Structures are given as structure tokens and as C-alpha cells.
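Report on the following structure.
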Amino acid sequence: MVLQETHRGDLPPELDDPLFWTAIGQFDGALEHAGVGADVAEVLRYPERALSVAIPVRLDSGSLGVYPGYRVQHSSVLGPTKGGIRYDVAVTLGECAALAMWMTWKCALLRLPYGGAKGGVRCNPRTLSATERERLTRRFTSELLPIIGPQKDIPAPDMATDEQTMAWMMDTYSMQVGYAVPEIVTGKPLSVGGSALRPEATGIGVVTVVEEGVRRLGWALRGSVCVVQGYGKVGAVAAHELAARGARVVAVSDIAGGVYNPEGLDFQALDAWRSEQDGIAGFAGAQDVTNAGLLELPCDVLVLAATEGQVTGDNAHRVAARVVAEGANGPTTLEADEILAERGIVVLPDILTNAGGVAVSYFEWVQDIQRLFWGPDEIRTRLRDLMRDAVARVWALADEEGLSLRRAALVTSIREVAEALELRGIYP
Ligand code: GLU
């Protein structure tokens with residue numbers, strides 16, 4: 001809270017957004033330990049470039065909708081910028097700036113040759129038809145043409161965007177240059193140059209980090225009680241993967257609410273229910289629980305795989321988990337982070353825990369450029385090795401310097417980027 005208030009005043013007004021305060025608060029906290037030069041730190045506080053557009057879309061009704069869209073590139077020091085595109089009612093420039101900064105740290109932490117970016121369109125994707133979403137995506141892509149490219153900035157899916165969205169983006173870009181350019185986006189369907197395991201990558205990565213994390217804390221994932229907020233692209237895969245590795249997943253939720261069974265959920269039955277009912281609420285094999293109630297269920301591991309700002313100063317006192325794993329970006333506020341730390345709850349931070357998605361995006365881009373594709377076993381092994389290596393480096397620094405895992409992850413990333421920036425120097 002104090003940090004948020006302090007930093008709010010320092011920020012350029014266009015970036016004045018609660019999520020950007022969180023990102024800057026974390027950055028400034030980590031700087032105390034990172035030992036990087038003041039000039040370099042000042043450069044890394046702000047996004048390098050931001051584009052703001054208005055996207056006119058002919059709606060099925062014949063009327064016209066105009067939607068604000070953004071793309072923010074935080075840092076190109078280590079390579080082209082990389083990050084998702086989201087369609088959501090809460091998208092702002094400041095939100096994209098925070099998420100772009102986190103992408104920089106995420107890529108640096110995994111030693112991927114990328115900087116961070118993020119973009120989005122402020123709209124309610126649930127009210128748009130498939131044809132409206134296609135027109136929105138194609139027009140947004142053409143507005144982005146001056147700043148994206150396979151060696152400049154490579155988009156990917158994020159909230160409410162998917163493989164089909166990426167196929168439309170790839171097609172729109174390819175039509176402009178006159179030939180197929182699969183490496184312009186990642187998260188594509190396999191048939192247009194996607195990668196094996198990309199859809200599952202974030203969820204698998206989350207569980208790899210949880211497994212490694214709890215092992216280092218001296219217990220095992222097998223038999224642990226887990227709660228997963230979010231049952232979408234990340235949460236559903238994480239829940240299935242946790243169950244497959246022997247954990248007891250007792251509760252999951254989607255936007256409409258959650259379901260809870262202390263004996264453990266039967267995912268086959270739950271998924272059958274979900275495809276019939278278009279949601280999980282009311283599932284007969286469990287009792288309903290609200291999203292707020294789900295966060296307070298007693299468990300060993302609470303996976304936050306929904307959206308930002310879920311654990312806050314208001315509810316962090318009531319979180320009853322031993323470990324909180326951030327599958328979403330920014331689900332824990334600065335104030336909540338302090339409360340969880342005081343209560344001895346270990347937070348597996350987003351830039352480490354959900355980095356499996358961008359890791360396999362990197363594999364997809366490499367495969368596209370080589371025009372040579374790898375099988376799922378190879379991807380799974382490479383992903384596991386990358387994630388385990390990052391966990392080991394973060395844990396070692398946290399132990400050595402007495403830091404929280406979030407701070408250790410940020411310090412590791414900031415040092416990687418700062419070293420490259422020092423060596424490259426400030427142009428001209
Ligand atoms: N949107 C995802 C994230 O937040 C993936 C980004 C990517 O694959 O480039 O990490």
C-alpha cells in the first residue's frame with residue numbers, strides 16, 4: 001500500500017494503472033538487491049515503445065464498433081519483444097505496460113533471447129461473434145504492422161485469444177508481405193506452423209514449478225491437497241496435470257464460480273459436465289463455491305490461474321494454503337505479497353511459474369524459422385529442463401541472499417538484462 005502510494009506520484013500519467021504500480025513496486029524492491037547501475041535501472045523502469053490504436057469493426061448487426069487497442073514493448077535489449085494479445089474489458093495501456101515488463105523478466109529468467117511485450121483490445125469478447133472477432137483481429141493486426149515482425153515483436157495468445165486468433169494474425173501479416181510467415185506469431189494451430197504442446201505448455205510449466213518447489217520445501221506433490229482458481233487454458237491443464245502427478249485437486253473455478261469436493265474432483269465427470277453445460281457450476285460431484293470462497297479453502301497448494309489482482313490486502317489474511325503458485329500474471333498485489341510473507345506462505349512467482357507458455361512459444365518460433373519440427377517428447381523434455389534450471393537458479397539466489405522467491409526471480413532477471421544493456425551501452 002505504502003509502496004503503491006509512493007510510486008504512483010512518480011509515474012507518467014499514461015502509465016498510471018494499479019497493475020503498473022505493482023510492477024514498478026516489485027521492480028524497485030528488487031533493485032535494492034540487484035546491484036545494477038542507476039542509469040540502467042532508469043531505462044528499464046519504462047516501456048521502450050507503446051502504440052495506441054482505435055480499431056473500427058463492422059458488427060454483424062451492420063452498426064460500427066470502435067475499440068481501443070494497445071501494444072507495449074518494454075525492452076528489446078536481449079532480442080525481439082515477445083508477449084501475448086488479450087481481449088478483455090479491463091485492457092488499458094498501463095495494464096499492457098505492466099504485463100510487458102513482466103514478459104521481459106520472464107524471458108530473461110528463462111534465458112530466452114527475447115524482451116517483453118504485451119498488447120490487447122478493450123472489448124467484451126463474450127459479446128462478439130466469431131466473424132466479429134475475426135474482423136477485429138485482422139484490423140488490429142494491420143494497425144500493428146509498423147511495429148511487429150518475426151525479428152521485431154512476436155505476439156501470442158493471452159486472455160480470450162486462442163489458436164484461431166493467431167491463425168488470423170499470421171494470415172493477415174502473410175497477406176501483406178506476400179508469402180506465409182508462420183514465425184510472426186506463436187500459439188498457432190499445428191497445421192499453420194504451431195508447436196506440439198504449446199496449448200498445454202503454461203499449465204505443464206506451472207506444475208513443474210510446483211513439483212520442484214514443494215520438493216525443495218521438504219514435501220511431495222503426491223498426496224498434496226490443491227485448489228486451482230481458473231479452469232481455462234492454464235488452470236484446466238494445471239488441474240489435470242496435478243491430478244496426474246498424484247495430487248488431490250479438491251476445487252477449481254471458472255468465471256461463474258467454483259466447485260469443491262474435499263475427497264478430490266473427478267475430472268472426467270467434471271469435463272463431461274462442462275462440455276454439456278458450458279461451465280462447471282452446478283457439477284453434481286461437488287458442492288458449489290464462490291471464487292472468493294475458493295481462495296480461502298484450506299489446502300497445501302493454491303494455484304492462481306485466472307487473472308490479476310486476486311489476492312489482495314483484503315483477503316490475503318484468509319488464504320489457507322502453504323504455497324501459492326501464480327499461473328496468471330500479477331494475481332497477487334504488493335500488499336498481499338507482504339501479508340503472505342509475514343504468514344510464512346511461500347509464493348511461487350508468476351515470472352517463473354507461468355513461464356512455460358513463452359518457453360514453448362520460443363520453441364515454436366525456432367521450429368518455424370528452421371522449418372524443422374520436433375515431437376511432443378522432445379518439447380516436454382526441453383520445457384522441463386528449462387523450468388527446472390530456472391527454479392534452481394532462483395532458489396539458490398533466494399537462499400544465498402535471504403530473499404523471497406519473487407525478489408530472487410526479479411533480481412536474476414534484472415541482472416541478465418542490465419548486464420546486456422551495460423555492454424551494449426546507451427545509443428548513440
Ligand atoms: N501470454 C502468455 C504469457 O503471459 C504467453 C506469451 C508468449 O507466449 O509469447 O506469458
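The values are calculated or read from the model by the stated rules, or taken from the named source; none is laboratory data. All values derive from a computational prediction rather than experimental measurement. Reconstructed Cβ throughout: ideal geometry from the backbone, glycine too, with neighbour counts over all protein chains shown.
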Condition check for VAL192: modelled with pLDDT of 95 or more and out of contact with any Phe, Trp or Tyr (no Cβ under 7 Å at 6 or more places or on another chain):
yes
Among the residues of segment 114-138, write down those that are surrounded by fewer than 19 Cβ atoms within 10 Å (Cβ to Cβ) and either within 13 Å of the ligand (Cβ to nearest atom) or part of a helix (DSSP H, G or I) (or both).
PRO125, ARG126, THR127, ALA130, THR131, GLU132, GLU134, ARG138
Can you find even one residue in segment 292-308 that is closer than 21 Å to VAL210 by Cα, touching an Asp or Glu at 6+ places or on another chain (Cβ under 7 Å), buried (at least 22 other Cβ atoms within 10 Å of the Cβ) and not β-branched (Val, Ile, Thr)?
yes
Those residues of segment 188-202 that are outside any loop (DSSP other than H, G, I, E, B) and either surrounded by fewer than 23 Cβ atoms within 10 Å (Cβ to Cβ) or touching a Gly at 6+ places or on another chain (Cβ under 7 Å) (or both) come to a total of 7
Selection from segment 176-187 of residues closer than 20 Å to ALA359 by Cβ, in a loop (DSSP other than H, G, I, E, B) and not small (Gly, Ala, Ser) yields VAL185, THR186
Segment 231-243, subset outside any helix (DSSP H, G or I) and not basic (Lys, Arg), residue farthest from ASP278 (Cα to Cα)
VAL234
List the pairs whose first member sits in segment 102-124 and is of a type in the set (Ser, Thr, Tyr), whose second member is more than 10 Å from the ligand (Cβ to nearest atom) and in a loop (DSSP other than H, G, I, E, B), and whose Cβ atoms are under 7 Å apart, counting only residues at least 6 apart or on separate chains?
THR104/HIS74; THR104/SER75; TYR114/LEU78; TYR114/GLY79; TYR114/PRO80
Among the residues of segment 160-175, is any more than 24 Å from ALA239 (Cβ to Cβ), free of Cβ contacts under 8 Å to residues at least 40 places away in the same chain, assigned to a loop (DSSP other than H, G, I, E, B) and away from the ligand (no atom under 12 Å from the Cβ)?
no
With the structure loaded, tell me whether ASP266 is among the acidic types (Asp, Glu), surrounded by 15 or more Cβ atoms within 10 Å (Cβ to Cβ) and farther than 22 Å from ALA201 by Cα or whether it fails that test.
yes
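Residue-wise test of (1) modelled with pLDDT under 95; (2) over 25 Å from VAL206 (Cα atoms).
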| site | (1), (2) |
| --- | --- |
| LEU3 | yes, yes |
| ARG8 | yes, yes |
| GLU14 | yes, yes |
| PHE20 | no, no |
| GLN26 | no, no |
| ARG49 | no, yes |
| ARG71 | no, yes |
Considering each of VAL210, VAL228 in turn, give the residue that is in a helix (DSSP H, G or I) and crowded, with 24+ Cβ neighbours inside 10 Å.
VAL210
Counting only residues that are within 20 Å of PRO199 (Cα to Cα) and aliphatic (A, V, I, L, M), which one in segment 240-254 is surrounded by the most Cβ atoms within 10 Å (Cβ to Cβ)?
VAL252
Return the residue satisfying two criteria in turn: it lies in segment 310-327 and is out of contact with any Cys (no Cβ under 9 Å at 6 or more places or on another chain) and among the charged types (D, E, K, R), and of such residues it is nearest to GLY213 (Cα to Cα).
GLU326
